[in-house]
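J.: My questions will all concern the structure given below.
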Amino acid sequence: MDDPFDSSVNLEETHLKEGYDEGYSDGLVAGKEEGKQVGLKVGFEVGEELGFYSGCIHIWTSAIQIDPTCFSSRAKMAITQMQDLIHKYPLMDPEDLQVQEIMDSLRLKFKMLCSSLHVKLHYNGYPAEANDTQF
Amino acid sequence: MERLELKEVQKLEGHTDRVWSLDWNPATGHAGIPLVFASCSGDKTVRIWEQNLSNNLFSCKAVLEETHTRTVRSCAWSPSGKLLATASFDATTAIWENVGGDFECVSTLEGHENEVKSVSWNASGTLLATCSRDKSVWIWEVQPGNEFECVSVLQSHTQDVKMVRWHPTEDILFSCSYDNTIKVWADEGDSDDWQCVQTLGEPNNGHTSTVWALSFNTSGDKLISCSDDLTLKVWETDSVGMQPGGGFAPWRHRCTLTGYHERTIFSVHWSRGGIFASGAADDAIRLFVDNSESQVDGPLYKLLLKKEKAHDMDINYVQWSPGEKPLLASASDDGTVKVWDLVS
């Protein structure tokens with residue numbers, strides 16, 4: 001009962017399956033690479049923003065050590081709160097649900113502090129200011 | 001019932017662009033002090049208008065200019081009437097002090113990322129709130145020497161915040177937004193811990209489009225809001241202020257006034273006499289009164305009168321004056337402010 005047309009009927013399906021498998025494994029490799037690049041970029045951005053806040057806090061804390069009366073008690077409290085938030089940030093666990101919440105609080109506290117201290121500091125963000133950097 | 005009429009007392013010209021808002025000075029209109037109000041405009045200026053006690057007509061006493069570089073969207077007198085706060089699309093809020101009839105800009109509040117839409121003083125004049133297109137609400141504390149320190153930056157609205165208003169007696173803040181909600185903010189701890197304690201939105205019979213404005217009744221147990229969804233909504237609470245066990249009594253929907261407006265309602269204001277006025281994009285002013293005792297199962301509020309063609313263009317703001325016999329002032333896209341008297 002050999003149908004001479006059997007193999008040619010299945011030809012398309014076989015090729016489709018082969019093509020799919022090949023594409024799937026290539027996709028895995030390409031996707032992994034792309035994911036790595038995205039992760040690298042996002043991780044860099046988060047690190048840069050946290051580093052920026054950390055630097056500001058460092059300067060302000062030093063200023064307080066030199067002159068404890070240089071900022072209002074409300075500003076000093078906000079500086080301490082920002083410091084705690086930076087310490088709390090789960091840097092090595094991007095899937096931790098707190099990540100966004102902590103970053104949002106940091107951004108609000110930073111805005112408030114800039115206003116209180118009458119400074120015009122602005123974290124411009126990595127993508128906008130460093131678009132000439134290549135990876 | 002007596003026929004009431006909204007009579008135009010005066011049409012005030014001077015602004016060269018649309019008039020966005022106005023605020024009556026709460027320390028005027030009694031004890032022989034002539035009524036004063038401020039109006040602000042797309043022409044980047046604020047005008048101070050004072051009533052002449054001999055003929056009851058208003059004239060422009062001062063023009064506050066060369067400070068804001070864009071539209072002045074909102075203005076508010078401090079409860080003492082000594083300071084005037086003005087919020088501008090230039091992202092700043094300016095504080096003006098009346099020094100012997102001259103207004104000096106004594107402080108500039110910077111922090112918002114873009115257009116400041118509204119400004120409001122709390123009842124004691126110790127706190128100021130501002131809101132902006134940047135979706136945030138800021139609370140500022142008044143310090144000695146006309147200094148203002150930011151107490152908190154609140155971000156919970158998901159869109160442009162249109163108006164902020166403090167409760168008339170308590171330090172509870174209300175904000176309304178392009179995100180269709182009204183949010184209630186309170187400091188529940190004792191360390192600047194301002195939080196959103198309630199959101200009045202669609203699931204609580206709230207508005208289905210932009211909420212433009214809100215206003216409280218005198219006792220502060222009711223508030224009215226107006227919206228792009230063509231309705232007015234009255235909200236109520238069982239008790240105002242902090243509860244004995246901590247926390248706040250929630251606000252709930254009391255009724256919706258629908259079918260009265262065909263265009264966006266931009267402004268609503270409740271008089272101390274219990275009459276509330278609405279200003280809308282159909283150029284008309286409507287007045288409503290309490291109707292809850294006149295008939296069982298009837299509407300809780302009824303239309304008292306509708307003044308068609310009150311202005312040539314959209315009415316952006318309406319507000320009742322302080323004093324024994326309140327006057328109504330309205331601000332419009334037609335560049336004028338009108339003062340109205342409710343007569344029978």
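The values are calculated or read from the model by the stated rules, or taken from the named source; none is laboratory data. Note that the structure is predicted; figures quoted are calculated from it, not measured. Note that each Cβ is placed from the backbone with ideal geometry, even for glycine, and that neighbours are counted across all protein chains shown. For the accessible areas, the whole protein counts, side chains as well, though only heavy atoms, and no ligand, DNA or RNA atoms are used. Shrake-Rupley method; radii C 1.70, N 1.55, O 1.52, S 1.80 Å.
J.: Quick one: Debye curve from the alpha-carbon atoms of the stretch B:4-45 only, equal weights, vacuum; give me log10 I(q)/I(0) at q = 0.31, 0.33 Å⁻¹ to two decimals.
T.: Scattering profile of the stretch B:4-45, log10 relative to I(0): -1.02, -1.05.
J.: In whole angstrom, and with the biggest value first, how far do the Cα coordinates of chain A range along each principal axis?
T.: 98, 32, 20
J.: Compute the longest continuous run of chain B that contains no exposed trypsin sites (Lys or Arg not before Pro); treat a site as exposed when its DSSP state is not H, G, I, E or B and it has at most 16 other Cβ atoms within 10 Å.
T.: So the longest stretch without any such site is B:83-262.
J.: Sequence-distant or interchain residues sharing an amide H contact under 5 Å with residue B:117, placed H: which?
T.: Counting only residues 5 or more places away or on other chains, the set is B:131, B:132, B:133.
J.: Quote the FRET efficiency, to the nearest 0.05, computed for residue A:87 versus residue B:306 with a Förster distance R0 of 41 Å and r equal to the Cβ-Cβ distance.
T.: So the FRET efficiency works out to roughly 0.10.
J.: Given R₀ = 25 Å, what would the calculated FRET efficiency be for residue A:119 paired with residue B:114, taking r from the Cβ atoms and rounding to 0.05?
T.: Efficiency for this residue pair is about 0.85.
J.: Over the stretch B:5-343, what is the mean sequence separation of C-alpha contacts under 8 Å (at least six apart), divided by residue count, expressed as relative contact order in percent?
T.: 15 percent.
J.: Let me ask something else. Keeping every protein chain in place, order A:59, A:79 by accessible area at 1.4 Å, biggest value first, i.e. largest first.
T.: So the residues, ranked largest to smallest area, are A:59, A:79.
J.: Count neighbours as other Cβ atoms within 10 Å of each site's Cβ, and list the GluC sites (Glu not before Pro) in the stretch B:153-236 that are DSSP loop with at most 14 such neighbours.
T.: B:188
J.: Run the reach check for residue A:111 against lysines, Cα to Cα strictly under 30 Å, same-chain hits fewer than 8 apart removed. What comes back?
T.: Correct list for residue A:111: A:41, A:76, A:88, A:120, B:44, B:82, B:117, B:135, B:162, B:183.
J.: Something else now. Roughly how many Å is it from the Cα centre of the stretch A:45-81 to that of the stretch B:132-184, as a whole number?
T.: 25 Å
J.: While we're on this one: Considering every Cα-Cα pair within the stretch B:5-343, what fraction, in whole percent, is farther apart than 27 Å?
T.: Value for the stretch B:5-343 (Cα pairs over 27 Å): 41 percent.
J.: Continuing with the same structure: How charged is the neighbourhood of residue A:30? Take every other residue with its Cβ under 14 Å from the Cβ of residue A:30, and add Lys/Arg as +1 and Asp/Glu as -1.
T.: Here the charged neighbours net out to -2.
J.: Dipole of the stretch B:5-343 (Lys/Arg Cβ +1, Asp/Glu Cβ -1, origin at the Cα centre): which of B:124, B:300, B:319 lies farthest to the positive side?
T.: Working it through, the farthest residue towards the positive pole turns out to be B:300.
J.: Order B:317, A:20 by their accessible area, 1.4 angstrom probe, all chains in place, largest first.
T.: If we order B:317, A:20 from most to least accessible, we get A:20, B:317.
J.: Here's something else I'd like to know. Dividing the alpha-carbon radius of gyration of the protein assembly as shown by 2.2 N^0.38 Å (N being the number of residues), what value is obtained?
T.: Normalised Cα radius of gyration, the protein assembly as shown: 1.23.
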